[in-house]
């Protein structure tokens, strides 16, 4: 199997993180509380772009097992968000993925799914992972559908993990195994 | 009924205590050389640790506790002679949402299967729900840890997540299970009687 371009999808490409640029974008995206609440269980803080940049540079240095990409549109190279693959166990070859599409006008249009498919391919054919995991909040149905489309299967739900607006919400766990990905997506790249 | 006078750190045969930086490294170093213990306790590739490395580990652990304030670490000790038996940890506490993760282990083979872990888990749950006021706790355990799974089920934990083939060990692929227990479930089963699962006759 030969892949023409590991970083190029149908709508987006995966690119290197430019701390100055992405921290400015995050400082803006974070002001959208819905974005923040879909992203994290921690209460949102409105960090300055300087604080974000400092944090991000430290993070890039101290976590070599995290593969971190910027997501950019193919059409005009616009920065949409980021995606990370954190290998939590090299022995068992498992990684967790986290994705954020900060620019609201790109929600629900397949950009995130395209980026996720690129990331899965990277995880399975470059890092040779055995499985890729993620979790998603019960109130983020858009993300849930996108992950299903990318090939993730439901693996359970931690009941009532989050409390927001006086309600308790589950955290849903999903996973995709190497063999599942190979069967459904791997063949697309094989020479026929 | 539980009240202020009910000891938080004492059960029938064990008590929860602090780390002893002088004596404990030697004991825990032995555990890390025991593959049976390590594969029950650790999810990542295991390696034996010399006493000096264990000691260093304690020091960085205490720094982490001081810095992050979301970790409680107890040693499990014998009531009769304060001997180190194991460890009981409450970690990744999310204060805003009221949840945390539990981890505990009895270090030496002959000490396992005597109900000591159950006593420690009883104490740890009361600490989590009645002292820290958490809403729920989680335990993550590989599917081959049958004794641990039987124990948490006895305490009312519910299997919530099954990460398929997340542990590759001994040439096999094992699922990684997550069990959850809500405060309301714990209260219904144990808190009012002030007892552990064991004395409830489970």
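All of the numbers you see were taken from the coordinates with simple rules; none came from a lab. Just so we're clear, the structure is a prediction, and the values are computed from it rather than from any experiment. Cβ coordinates were reconstructed from backbone atoms using ideal geometry, including for glycine residues, and neighbour counts include every protein chain displayed.
Details
- Compactness ratio for the stretch B:14-109: Cα radius of gyration over 2.2 N^0.38 Å (N = residue count) comes to 1.09.
- Per-residue shielding of A:172-179, expressed as the average number of other chain Cβ atoms within 10 Å of the residue Cβ, stands at 3.
- Equivalent ellipsoid semi-axes - Cα gyration tensor, the protein assembly as shown, angstrom: 40, 24, 21
- Chain A: relative contact order in percent, alpha carbon pairs under 8 Å with at least 6 residues between: 20
- Ranked by the mean number of other Cβ atoms within 10 Å of their residues, highest first, the peptides B:85-92, B:149-156, A:46-53, A:33-40 come out as B:85-92, B:149-156, A:33-40, A:46-53.
- Shape of chain A, Cα gyration tensor, a/c cut at 1.5: oblate
- Per-residue extension of 0.36 nm, minus the Cα-Cα distance of residue A:54 and residue A:8, leaves a gain of 13.7 nm for this segment.
- The listed peptides B:120-126, A:80-86, ordered by packing as a protection proxy, come out as B:120-126, A:80-86 (highest mean of other Cβ atoms within 10 Å first).
- Additional length obtainable on full extension of the chain from residue B:82 to residue B:172, 0.36 nm per residue less Cα span: 28.5 nm
- Residues A:146, B:108, B:60, sorted so that the one with the fewest Cβ neighbours within 10 Å comes first: B:60, B:108, A:146
- Take each residue of peptide A:21-28, count the partner chain Cβ atoms within 10 Å of its Cβ, and average: the result is 0.
- Prolate/oblate/rounded label for chain B (Cα gyration tensor, a/c 1.5): rounded
- Taking a ≥ b ≥ c as the square roots of the eigenvalues of the Cα gyration tensor, the stretch A:1-86 is prolate, since a/c reaches 1.5 or more and a/b is larger than b/c.
- Whole-percent pair-distance distribution, where bins are 10 Å wide, for the alpha carbons of the stretch A:55-122: 19, 48, 28, 6
- Here the gap between residue B:133 and residue B:92, fully extended at 0.36 nm per residue and compared with their Cα-Cα distance, gives a gain of 13.3 nm.
- Separation of alpha-carbon centers, the stretch B:58-80 and the stretch B:135-185, rounded to whole Å: 23
- In this structure, residue B:39 and residue A:128 have a Cβ-Cβ separation that, at R0 = 30 Å, corresponds to a calculated FRET efficiency of about 0.80.
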